[in-house]
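This report refers to the structure that appears directly beneath it.
The values are calculated or read from the model by the stated rules, or taken from the named source; none is laboratory data. These numbers were taken from a predicted model, which means no experiment stands behind them. Note that we place each Cβ from the backbone using ideal geometry, even for glycine, and neighbour counts take in every protein chain shown. For the accessible areas, the whole protein counts, side chains as well, though only heavy atoms, and no ligand, DNA or RNA atoms are used. Shrake-Rupley method; radii C 1.70, N 1.55, O 1.52, S 1.80 Å.
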Amino acid sequence: MPMLMLSQEIEQHASEEEKDCCSSDNSGTACESTPSPKASRASSLYTSFQRVELKTSRLTPIVDFEKDHEVLQLINRTLNRSRRMIVLTGAGISCNAGIPDFRSSTGLYDLVKKQFPELSIRSGQEMFDISLFRDEQKISVFAAFMEKLYSSVKLAQPTKTHRFIAHLKDRSKLLRCYTQNIDGLEEILGLAMSNNRTEPNESLNSHWKNCDVIQLHGDLNTLACTSCFHVFSWNRFWSRSLRRGELPTCPSCEEKNQRRSREGKRNIQCAGFLRPNIVLYGENHPSCESIAQGLNFDILRGRPDFFIIMGTSLKVDGVRRLVKQISKQVHERGGIVLLVNKTTIGESSWHGIIDYQLMCDCDTWVSYLESQIPDFFKTQEQVEKLRQLKREASDLRKKRLEEQRNSDKNNNALKTPPQTPIKVEDAKSEKIGKLDSAMNKVKRKLMTSDSRYDGKSPYKRTVTMALKKEQKIAENS
């Protein structure tokens with residue numbers, strides 16, 4: 001199987017990574033004894049809620065969305081809150097783009113048998129096996145069939161599911177997408193593909209962090225030499241050659257042999273042939289070790305909290321091992337594993353590994369998500385703008401509340417009478433009282449000092465007028 005060696009490499013690197021992560025600096029302390037930061041009560045309650053309500057011990061199929069509405073709402077809520085998702089895709093996500101899958105009644109395997117009935121093959125899968133290069137007739141059929149498939153891929157456009165994966169990337173929620181597809185439709189949406197390694201001296205970790213989509217089974221959009229493994233892009237000449245059922249000769253090998261001939265040296269080997277740069281059954285994966293290391297980097301350090309499997313029946317052995325390893329890590333973090341595929345899989349072998357299977361088309365599920373959680377499909381720019389508006393609204397509410405409190409405080413101060421008299425009024429009242437007392441004393445003294453004068457006496461009238469004048473001046477002051 002093409003993924004058998006890859007799965008063995010994954011297990012080997014997983015054990016090595018676990019040892020590295022568990023060992024501390026200059027000490028033999030195990031990773032289990034390292035204290036972890038205390039989570040908030042809300043997050044711990046939410047994690048517990050996830051495990052109780054969504055984690056299942058048996059694979060639960062969901063066929064009717066209305067009947068299982070409550071469970072789907074919990075899944076949607078978990079999906080909306082997840083931050084580090086891993087996605088695994090198969091041929092089912094490209095069927096709506098006009099590219100056939102492999103194992104269905106209208107898939108590539110049956111298509112090969114119908115188009116080439118003269119071939120003595122038990123199943124169409126034999127046309128994707130490395131052993132076909134032992135038969136000249138099978139090589140010719142393989143070349144013509146691959147050119148036809150390549151032509152259909154070049155006309156295809158990404159589906160709604162492809163755009164959903166690109167949206168996860170735009171929202172910074174996509175940790176990695178692993179795909180079994182060879183069509184490369186994700187690249188049209190701007191996702192970085194693993195086979196497009198532009199800098200030869202780039203380190204593995206740096207290259208892996210910059211990749212969005214890991215192509216597990218190769219890339220149909222390039223050709224590779226069977227001898228020197230040099231990779232080339234398609235051109236019209238090579239396309240016509242493959243359409244005729246002929247594999248073109250590798251120009252790199254030819255140039256090397258010609259150079260040795262000019263130097264008077266014998267040719268070390270025959271020139272290789274160009275074929276689609278895909279991984280066949282029974283073939284060793286050329287990027288086996290790098291994919292294994294990158295996968296363990298995602299599992300142990302990427303902290304995935306949601307795993308979505310779409311458009312695959314999980315028949316390839318290496319992919320099955322990959323799913324089990326990722327699922328274990330996701331479940332340990334309180335996340336769930338969701339499979340979206342129209343056909344059933346062997347449920348008994350996936351109990352405790354996959355939590356739910358949605359029995360529907362992948363694009364149908366994405367459309368359902370759009371109707372249920374529309375905010376999830378906002379662009380990052382829209383999300384940032386919405387957050388800014390919420391912050392501004394919150395600041396405005398706080399400002400209005402503060403102004404209302406100040407206004408209420410001032411109103412209460414005006415309504416409440418002062419507890420003590422104002423000092424200015426006290427001084428004025430005291431001054432007026434002293435003046436009245438002094439004036440009364442003077443009046444009494446004048447009135448009693450000379451009883452000879454009656455009320456009609458000019459002297460008494462003058463004194464009385466003077467007293468009244470002084471009293472008026474005192475009152476005015």
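Step through the residues of the stretch 341-356 one at a time and calculate ³J(HN,Hα) from phi using the Karplus curve (6.51 cos²θ - 1.76 cosθ + 1.60, θ = phi - 60°), rounding each to whole Hz and writing x for Gly and Pro.
Using θ = phi - 60°, the values come out as 7, 6, 9, 6, 10, x, 4, 4, 7, 10, 5, x, 10, 10, 7, 9 Hz.
Please report the accessible area of residue 153 (heavy atoms, 1.4 Å probe, ligands and nucleic acids excluded) in Å², nearest 10.
10 Å²
Does the stretch 270-424 come out rounded, prolate or oblate by the C-alpha gyration tensor, with a ≥ b ≥ c the root eigenvalues, rounded set by a/c under 1.5 and, if not, prolate when a/b is larger than b/c and oblate if not?
Cα axes put the stretch 270-424 in the prolate bin.
State in Å² the accessible area per residue of the stretch 256-325; use a 1.4 Å probe, count heavy atoms of protein chains only, and round to the nearest integer. Display every interim value, and only then the final one.
Numbers: 3250 Å² over 70 residues.
Each residue of the stretch 256-325 exposes 46 Å² on average to a 1.4 Å probe.
Leaving ligands, DNA and RNA out of it, report the carbon-plus-sulfur percent of the accessible area of the stretch 218-260 at a 1.4 Å probe. Please report the intermediate quantities before stating the final value.
Working: 1130 of 2380 Å².
Carbon plus sulfur share of accessible area: 47 percent.
If packing is taken as the average number of other Cβ atoms within 10 Å across a peptide's residues, how do 391-401, 301-311, 126-136 rank, most packed first? Spell out each step's value before the answer.
On the way: 391-401: 10.0, 301-311: 20.9, 126-136: 15.9.
So the order, starting with the most tightly packed, is 301-311, 126-136, 391-401.
Tell me which residues come under 5 Å, amide H to amide H, from residue 309 once H is placed; ignore anything under 5 positions away on its chain.
Sorted by chain and number, the residues that satisfy this are 88, 338, 339, 340.
Could you give the nm distance between label points at residue 403 and residue 380, where each point is 7 Å from its Cα heading toward the beta carbon?
Taking the two extended label points, one gets 3.7 nm.
Amide H to amide H, which residues 5 or more places from residue 277 or on other chains are under 5 Å from it, using H placed in the peptide plane?
Counting only residues 5 or more places away or on other chains, the set is 219, 222, 223, 224.
With a ≥ b ≥ c taken as the square roots of the eigenvalues of the C-alpha gyration tensor of the stretch 130-246, please select rounded if a/c is under 1.5 and otherwise prolate if a/b is larger than b/c or oblate if it is not? Could the numbers behind the result be given before it?
Working: a/c = 2.44, a/b = 1.65, b/c = 1.48.
Prolate, because a/c is 1.5 or more and a/b exceeds b/c.
Subtract the Cα-Cα distance of residue 81 and residue 263 from 0.36 nm times their separation in residues, and report this length gain in nm to one decimal. It would help to have the intermediate numbers written out before the result.
On the way: separation 182, 0.36 × 182 = 65.52 nm, distance 6.55 nm.
Gain in length upon complete extension: 59.0 nm.
Provide the packing ranking of 92-101, 184-193, i.e. peptides ordered by the mean count of other C-beta atoms within 10 Å per residue, highest first. Mind dumping the intermediate values first?
On the way: 92-101: 21.1, 184-193: 17.8.
Final packing ranking: 92-101, 184-193.
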